[in-house]
Amino acid sequence: MRAISLVLLGAASLCGCATTSATVEYDPWEGFNRGVYAVNDFGDRVLIKPVAKGYKAITPRFVRRGVTNFFANLTTPRSALNNFLQGKPVRGLDDVARFLLNSTVGIGGLVDVATPSGLAAHDEDFGQTLAVWGVPNGPYMVLPLLGPSTLRDAFAIPFDAAAEPLTHYENSDVRGPLYALRAIDLRARLLTAERLIADSKDPYITIRESYLQNRNYVIHDGDPPADDDFYDDFYDIEPDEER
């Protein structure tokens, strides 16, 4: 669900971009990926999406906001650790301060009091850290249940999970429902944005392109290097093709 959220957040500006040969080379397992994508999509349509729609319909907005804040707060230690590993101590300290403030004054993270206090939220993960250390993307992948990824990001998933407090909560009777609630809350927040995917001619390609470009964006902290291959392809378009 984290990967899907990244895709949909970036799709508004990216889904119209042309597919470049450089990007296609990252998807050598396209046939298998499309099969996993179809299974994931079916499971979403018959189970996750209906539950998310019901959750959004019956749960007051302020309660949903508290749930979102709570789970966002639980990812802050992971972000802090990765900021330190990426050589960004100031951002890492900001994340530590956010977590402490929201976990106490913010009633366990239900209320985001850190952002109004000037402590900006970050979202760093081990996939981004590996990229900063020079580890390449590897092939594009679609993971069962988890959705779009790359070989590098898939390798980093267990480390991301280990850095979150919820993973270490021993009571599985509580931990399991919390995981389910997090997935439902995230899916409910994506109900409007998913129209960007539904309106595309090939949702698989839209998700793939959006995911890869969005990951490049966040890895470079919002200032990615120019994609020379994209601009070369753009300026090579013949006049008739433009029409």
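Where a number appears in this text, it was derived from the coordinates with a stated rule and is not lab data. Given the structure is predicted, the values throughout are model-derived calculations rather than measurements. Every residue, glycine as well, gets a Cβ built from its backbone with ideal geometry; the counts of neighbours run over all protein chains shown.
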Taking the highest mean first, how do the peptides 128-134, 47-53 order by number of other beta carbon atoms within 10 angstrom per residue? 128-134, 47-53
The set of residues whose placed amide H lies less than 5 Å from the amide H of residue 150, leaving out same-chain residues fewer than 5 positions away, is 141
Highest to lowest packing among 162-168, 200-206, scored as the average C-beta count within 10 Å: 200-206, 162-168
Amide H of residue 124: which non-local residues (sequence gap of 5 or more, or other chain) have their own amide H closer than 5 Å, using H built in the peptide plane? 79
Length added when fully stretched, residue 111-residue 51, from 0.36 nm per residue minus Cα-Cα: 19.1 nm
Can you order the peptides 67-77, 81-91, 143-153, 188-198 by their average number of other Cβ atoms within 10 Å per residue, highest first? 67-77, 143-153, 81-91, 188-198
Take the alpha-carbon centre of the range 137-185, take the same for the range 34-98, and report the distance between them in whole Å. 10 Å
Residue-wise HN-Hα coupling along the range 141-150, computed from phi with Karplus coefficients 6.51, -1.76, 1.60 (Hz; x: Gly, Pro): 9, 10, 8, x, 6, 8, x, x, 6, 10
Name the lysines eligible as straight-distance cross-link partners of residue 201: C-alpha to C-alpha under 24 Å, and not fewer than 8 places from it in the same chain. 49
So how far apart, in nm, are the two label points at residue 179 and residue 202 if each is 7 Å from Cα heading toward Cβ? 3.4 nm
Show me, for the range 112-121, the HN-Hα J-couplings you get by feeding each phi into the Karplus relation (A = 6.51, B = -1.76, C = 1.60, θ = phi - 60°), rounded to Hz, glycine and proline as x. 8, 9, 6, 4, x, 7, x, 9, 5, 7
